[in-house]
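Reviewing the structure listed below.
The values are calculated or read from the model by the stated rules, or taken from the named source; none is laboratory data. Owing to the predicted nature of the structure, the values given are computational and were not obtained by experimental measurement. Positions of Cβ are backbone-derived with ideal geometry, glycine not excepted, and every protein chain shown enters the neighbour counts. Accessible surface is based on the protein model in full, side chains and every heavy atom, while ligands, DNA and RNA are left aside. Shrake-Rupley method; radii C 1.70, N 1.55, O 1.52, S 1.80 Å.
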Amino acid sequence: MTPTITAFKQSPDRGRGLARDMRVRWALEEVGQPYEVRLVTFGEMKEPAYLALQPFGQIPAYQEGDLTLFESGAIVFHIAERRAGLLPDDANGRARAIAWMFAALNTVEPPLVNRGVAALLERDQPWYGQRQPLLEAGAHRTLGELSRRLGDAEWLDGGFTAGDLMMIGVLFRSKGSGILDEYPNLAAYVARGEARPAFKRAFDDQLAVFTASSSG
Ligand code: GTB
């Protein structure tokens with residue numbers, strides 16, 4: 001059964017691949033699973049029919065037969081578990097790849113998102129000058145530790161896994177802010193992910209949605 005994912009009809013990122021359907025598209029491309037995309041407006045995402053799929057009214061949601069899933073991490077994990085290519089065969093390697101997926105979502109993404117959101121939305125707030133250095137320091141602490149751990153390795157733990165996909169998906173979203181420039185090995189790690197044919201196909205497909213929506 002061909003899975004269907006949801007994505008923004010008009011992504012506010014203007015096709016830069018920053019929305020979280022990107023990591024799901026990438027995972028599907030890595031395992032060679034064709035998929036369909038249902039584009040939704042912000043209004044549709046808050047309607048009861050959509051909330052039945054995604055309780056928080058967000059993209060992405062995933063439907064495959066009688067399975068409905070939400071949360072990009074859970075969706076990528078499901079794809080990686082069901083199809084070959086994103087999780088190692090040995091049980092310990094598999095457990096470590098899953099740990100890196102959780103690390104990407106629980107440890108690395110929150111400080112990067114908090115820093116990015118504050119810089120975007122809170123600049124005019126009286127507390128901004130005091131809070132932003134703390135957020136900056138938190139993001140740097142996490143990236144410094146990740147950078148030390150990655151070192152000169154190509155991927156986080158042997159071959160490319162869903163852990164790398166999720167970690168690069170998270171780091172990629174912060175690339176535009178310039179913060180990765182201070183960590184050349186992380187910047188190179190993200191570039192290796194972006195160079196994968198599956199990433200390129202996923203990126204081009206989400207960009208095509210934006211191009212079509214802005215030309216119509
Ligand atoms: N934890 C959930 C997951 O991982 O699936 C989070 C999903 C999520 O944040 N979805 C966002 C969404 O649907 C889109 S990705 N937001 C609409 C809403 O909450 O009403 C976050 C995002 C949004 C916009 C940009 N941008 O414009 O650059 C980038 C990323």
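Residues in the stretch 153-164 include none that are without any contact (Cβ under 8 Å) to a residue 40 or more places away in the chain and among the β-branched types (V, I, T). When the criteria are applied in full, G57 fails the requirement of being outside any helix (DSSP H, G or I), on the phi > 0 side of the Ramachandran plot and open to solvent by 50 Å² or more (accessible area, probe 1.4 Å). Would you confirm, using the coordinates I've provided, whether L165 is under 22 Å from M22 (Cα atoms), touching a Lys or Arg at 6+ places or on another chain (Cβ under 9 Å) and in a helix (DSSP H, G or I)? Yes: the conditions hold for L165. Looking at the structure I just gave you, is I75 surrounded by 14 or more Cβ atoms within 10 Å (Cβ to Cβ), in contact with a helix residue (DSSP H, G or I) (Cβ under 6 Å, 6 or more places away or on another chain) and among the β-branched types (V, I, T)? Against the criterion (surrounded by 14 or more Cβ atoms within 10 Å (Cβ to Cβ), in contact with a helix residue (DSSP H, G or I) (Cβ under 6 Å, 6 or more places away or on another chain) and among the β-branched types (V, I, T)), I75 qualifies.
What residue, among those in the stretch 1-43 that are more than 11 Å from the ligand (Cβ to nearest atom) and of a type in the set (D, E), is surrounded by the fewest Cβ atoms within 10 Å (Cβ to Cβ)? Going through the qualifying residues, I end up with E36. In the stretch 37-52, the residues that are outside any strand (DSSP E or B) never reach a residue that is at pLDDT below 95 with C-beta atoms less than 6 angstrom apart, at least six apart or across chains.
Contact map, the stretch 65-79: first residue without any contact (Cβ under 8 Å) to a residue 24 or more places away in the chain, second residue of a type in the set (D, E, K, R) and more than 10 Å from the ligand (Cβ to nearest atom), Cβ cut-off under 6 Å, separation 6 or more or different chains; the map is empty. One residue alone among A61, A49, A104, A74 is away from the ligand (no atom under 14 Å from the Cβ) and either within 20 Å of the chain's Cα centre (by Cα) or in the same structural domain as L207 (by TED's automatic domain parsing) (or both), and that residue is A49. Determine, yes or no, whether A99 is in contact with a helix residue (DSSP H, G or I) (Cβ under 8 Å, 6 or more places away or on another chain) and open to solvent by 40 Å² or more (accessible area, probe 1.4 Å). Answer is yes for this residue.
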